[in-house]
1. Of everything in segment 200-254, what is closer than 26 Å to Leu124 by Cα, of a type in the set (S, T, N, Q) and either without any contact (Cβ under 8 Å) to a residue 40 or more places away in the chain or part of a strand (DSSP E or B) (or both)? Give them in sequence order.
2. Would you call Phe159 of a type in the set (Phe, Trp, Tyr), farther than 25 Å from Ala131 by Cβ and within 21 Å of the chain's Cα centre (by Cα)?
3. Would you tally the residues in segment 165-222 being within 25 Å of Asn242 (Cα to Cα), among the acidic types (Asp, Glu) and surrounded by 15 or more Cβ atoms within 10 Å (Cβ to Cβ)?
4. Of everything in segment 215-254 that's among the small types (Gly, Ala, Ser), touching a strand residue (DSSP E or B) at 6+ places or on another chain (Cβ under 9 Å) and at pLDDT below 95, which residue is farthest from Asp182 (Cα to Cα)?
Amino acid sequence: MEPVAGHWSHLSGYRPGKLVEADTYNLHEAMGVIKVCWLHLEERGFILRGTIIEYTHGREDAMIDTQAILPALLTQIEEATRATDFTMQSDTLTGSLLRTLVASKPEGNFLELGTGTGMGTAWLLDGMDTASRLVTVDKNERYNAIARHFLSGDARVTFHTGDGVAFIRSQQAGTFDLIFADMPPGKFELLDETLALLRPGGLYIIDDLRPLESWEPAHEPRVTTLIATLEQRSDLRICKLNWSTGLLIATRIA
């Protein structure tokens with residue numbers, strides 16, 4: 001049997017007897033229920049290898065958002081992204097959550113720190129009403145150009161290509177109803193300054209919090225410290241989600 005590597009959400013076409021290898025942190029993405037006879041478990045890296053012994057595709061799918069209705073231009077953005085070396089795009093689970101959260105903020109003012117190629121941007125725009133506005137920031141002109149190509153026709157979004165640190169420092173406190181921080185500035189750098197940009201009741205969302213084998217040794221302590229710092233703040237109420245790559249949502253209460 002030939003090994004197959006990838007997320008469980010990609011395994012819906014495989015059938016019993018197929019040898020599989022997948023990241024366990026994405027086990028919940030499965031488009032059905034897969035029972036596996038484990039052959040090997042690596043202690044570090046969260047990699048499981050095994051053989052599928054049963055696969056069902058039924059009502060369990062209703063609670064898994066990998067089949068969400070996609071934003072209109074997302075497929076085209078994905079295709080353009082695959083032609084680059086960019087691999088940190090938001091997945092369907094993160095995107096569907098972002099879309100739901102911005103939809104709860106009519107006439108909202110939103111900030112995305114880390115445009116990438118615009119996949120997260122597309123999800124945010126898909127949840128916004130006509131009176132809402134989004135500012136998205138990234139310093140990588142090559143990736144940002146893809147997002148601009150597909151999404152700049154939407155008058156609700158403003159693209160800022162430049163340094164995230166300088167951008168955060170240039171903003172007034174209490175400006176945004178939701179901040180999706182998906183790059184170091186706003187997440188591992190200038191955290192206090194970024195949180196100050198939220199209005200009371202505003203949401204702060206970060207992802208990529210679950211450990212990966214590909215992380216550099218110094219990165220995991222940074223993530224641990226970040227989560228602990230957010231947990232200790234009295235002006236936030238937080239919820240940690242075992243969802244997608246590992247998300248945290250914080251609401252500013254003061």
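The values are calculated or read from the model by the stated rules, or taken from the named source; none is laboratory data. Bear in mind the structure is a predicted one, so any value in this text is a computation, not a measurement. Backbone-built Cβ (ideal geometry, glycine too); neighbour counts: all protein chains shown.
1. If the condition is that a residue be closer than 26 Å to Leu124 by Cα, of a type in the set (S, T, N, Q) and either without any contact (Cβ under 8 Å) to a residue 40 or more places away in the chain or part of a strand (DSSP E or B) (or both), then Thr251 is the only one that fits.
2. Values: of a type in the set (Phe, Trp, Tyr): yes; farther than 25 Å from Ala131 by Cβ: no; within 21 Å of the chain's Cα centre (by Cα): yes.
Taking the combined requirement at face value, the residue does not satisfy it.
3. First, pick out the residues of segment 165-222 that are within 25 Å of Asn242 (Cα to Cα): 177-189, 191-192, 194-195, 198, 201-222.
So of that shortlist, the ones also among the acidic types (Asp, Glu) come out as 177, 182, 189, 192, 207-208, 213, 216, 220.
Checking which are surrounded by 15 or more Cβ atoms within 10 Å (Cβ to Cβ) leaves us with 177, 182, 207-208.
Qualifying residue count for the region: 4.
4. Residues of segment 215-254 among the small types (Gly, Ala, Ser): 218, 228, 234, 244, 246, 250, 254.
Next, only the ones that are touching a strand residue (DSSP E or B) at 6+ places or on another chain (Cβ under 9 Å) stay: 246, 250, 254.
So of that shortlist, the ones also at pLDDT below 95 come out as 246, 254.
Numbers: Gly246: 12, Ala254: 23 Å.
It comes out as Ala254.
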